[in-house]
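Here's the structure we're looking at; comments come further down.
What follows is calculated from the coordinates using simple rules that are stated; it is not laboratory data. Note that this is a predicted model, so its numbers are computed, not measured. Note that each Cβ is placed from the backbone with ideal geometry, even for glycine, and that neighbours are counted across all protein chains shown.
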Amino acid sequence: MSSLPVETARKEIEEVVNGSVNIEEQLERDVDQMCTLLSVLGAGRFSGVDISTTRLESLRKKFIEVYWILKLHLLFHLGSTIAVKHKNLKELGSLLGLTNADLDRLPGKEHAVDPGSKILEILSDLVEDHGLGQRGSQTHANDVMLRAKYLFCGLRSNNRFRPKVLAVVTDHDRWYVGSSISVSPFLRPLCLHRRIFRFKGNLRKAVIFDESLVTADPKDWSSSAFQKKGYTAEKDPCLNCKRMFKNLKGFILNDDHSAKVSSTFLGACAEYVPVNELLTPDEEASSEHDARIRSALKASVDRCAMLFEGYREIVDECDKAHGGNDDERIKRAYRKVREKIHIFGYKPQCKFEN
Ligand SMILES: [Zn+2]
């Protein structure tokens, strides 16, 4: 550490400062747009009705999960007053039937989910309820994709919550749609951790140990992903996904590894949730493996908690050092925060288990 180049320290400090300022400036508008998206999706249907069916209640819970992650972003970046008083979010909460106590309540780590995937789950339910195809069928997936593109295009292109990529993955004529994680970079480690935690055993293991996915039935896969404004441009899987899914026959059409270094995070791309849906429950892992996975997950959640709880302090530290020309001060600040930001889900070069 004594030979730490000041350029590295300055660059990373700047990244924290600019990242946080950027979000703070745009966040309320981004949340407003998400509230509009959720009303287009029909958040109003829960207002004043007796939630008599479990189906309706389960749908409502998914909307409420999106409400909480939006509120968590406001709390995290802008503080508790804005989180509670944000006009459109509060109205959304009322529409969803939350009590006054809930509307005043502050969210916590447990509310860190990926809103894009949650919205796809809602769409999936709605398409099925409208009789437009059974989950897993091609017609269902096509309809979910069409509606997802339409909805996400209603958000400004840099909206924090707008997925950069949507993907459809198939295996033996079963079809699923997925989205890349799109949240604040400072909340991403936690959202990503929670996504990976829920993966089936073999996918979770592959992500944690950074190895290619192995499955009992690797035949007959395909995937296509879309990005850019309107999700019109088809894209190849990123370098990380090419390695992760190389054993799935048909998944990767262009096996060109000459692309530059991947800046994506294992588990965060749009392909993962659909692959997870399509995987058959896997064979038992050995107990030794289980122990290693458990300890990797525990270590990861502890690191996520450090960033989550230390965020304000990290930003303040970086803020104070930034702007001045005091090299020693920059280095000192960087040494203080480095351990908290060099974690999987924040820095692309950091692995899950390191
Ligand atoms: Zn990828």
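The table below gives the values:
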item: Relative intensity, log₁₀ I(q)/I(0), of the range 41-146 from a Debye sum that treats every alpha carbon as a point, q = 0.16 Å⁻¹; result: -0.75
item: D_trans [Stokes-Einstein, Kirkwood Rh over alpha-carbon pairs] for the range 2-92, 37 °C, 0.692 mPa s, µm² s⁻¹; result: 212 µm²/s
item: Selected from Arg303, Arg243, Arg55 as most flexible by GNM, with the chain as the system and alpha-carbon contacts under 10 Å; result: Arg55
item: Arg55/His289 FRET efficiency (R0 30 Å; Cβ-Cβ; nearest 0.05); result: 0.20
item: Relative contact order of the range 202-339, pairs being alpha-carbon contacts under 8 Å that are 6 or more residues apart, as %; result: 20 percent
item: Pairwise Lys count, the range 44-136 - Cα closer than 19 Å, eight or more residues apart or different chains; result: 14
item: Calculated over the chain: convex hull of Cα atoms, volume per residue (Å³); result: 151 Å³
item: Note, ³J(HN,Hα) from phi for the range 37-48, Karplus 6.51, -1.76, 1.60, rounded to Hz, x at Gly and Pro; result: 4, 5, 6, 4, 6, x, 4, x, 5, 8, 6, x
item: Structure-based [θ]222 nm, the chain - -39500 (n - 2.57) summed over DSSP H runs of at least 4, per residue, nearest 500; result: -17500 deg cm²/dmol
item: Amide H contacts under 5 Å for Val165, placed H, 5+ residues apart; result: Ser180
item: Most mobile of Ser58, Ser124, Ser179 in a GNM of the chain (Cα contacts under 10 Å); result: Ser58
item: Links that overshoot a 30 Å alpha carbon limit, given the list Lys164/Lys219; Lys298/Lys336; Lys249/Lys298; Lys164/Lys331; Lys149/Lys249; result: Lys249/Lys298; Lys164/Lys331
item: Residues His172, His111 arranged by fewest to most Cβ contacts within 10 Å; result: His172, His111
item: Table column - 3J(HN,Hα) (Hz), the range 55-67, Karplus curve with 6.51, -1.76, 1.60, x for Gly and Pro; result: 4, 5, 5, 5, 5, 4, 4, 5, 4, 5, 4, 5, 3
